[in-house]
Amino acid sequence: MGSSRRDLDFEVSPGVEQDLAVLNDRVRRNPQDVRARNLLQASINTLMELRNGDPGTKRLEYLPSYPDLSDCRTSYIRADPTAKPSHRVVWRDVPPHEPDGVFCREIIAVGERANGRVYHLAGQRLGRPVGFTLAELSELREPVAGRSAVTQRLTTPAGAERVDEPAASPAGP
């Protein structure tokens, strides 16, 4: 998608606001920490670039040890030009619902790349468990009788035919 600000809505999730608050708190606790200050500023700069249509660094691929984020992209946050970027922004462009609508660039997570933290966080925020592709997740049924379809799939022995329980009506608390 070639984007300009005119054909792109921009949405920052509440989780990203929390991510930035954590970075800001780190700066407030130690104002002399140049790295923390640079990281916060570089994160904000990266978000501004994405808002203005920047294509990001790369498209993410499905890896079985991570949530499937293959519909997402990542942008590196360069806080120190002499070091490998330690943080990432995970985001996606959501197609419009109407034919003449605009794409919405949804910022999902800002965080550390180490140990895949930002990717696991993005997967949590999108409700995507590790080890399932987007296609598999879209095929799963709605939760029934207090058990999620993911749990049912994980607990049904391979090759066994599962008999679905009738869906219970949601009861109020």
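The values are calculated or read from the model by the stated rules, or taken from the named source; none is laboratory data. Note that the structure is predicted; figures quoted are calculated from it, not measured. Ideal geometry is used to build each Cβ from the backbone, glycine not excepted, and the neighbour counts take in all protein chains shown. Just the protein is used for accessible areas: all its heavy atoms, side chains included, with ligands, DNA and RNA removed. Shrake-Rupley method; radii C 1.70, N 1.55, O 1.52, S 1.80 Å.
Odds and ends about this structure:
- Subset of segment 114-124 (residues that are closer than 16 Å to I77 by Cα and more than 13 Å from the chain's Cα centre (by Cα)): A114
- Only a single criterion out of (1) free of Cβ contacts under 8 Å to residues at least 24 places away in the same chain; (2) at positive phi; (3) in contact with a helix residue (DSSP H, G or I) (Cβ under 8 Å, 6 or more places away or on another chain) is not satisfied by L140, namely (2).
- Residues that are open to solvent by 60 Å² or more (accessible area, probe 1.4 Å) and of a type in the set (S, T, Y) within segment 41-89 comprise T57, Y62, S65, Y66, Y76, T82, listed in sequence order.
- Of D9, D25, all but one fail to be within 18 Å of the chain's Cα centre (by Cα) and not hydrophobic (A, V, I, L, M, F, W, C); the exception is D9.
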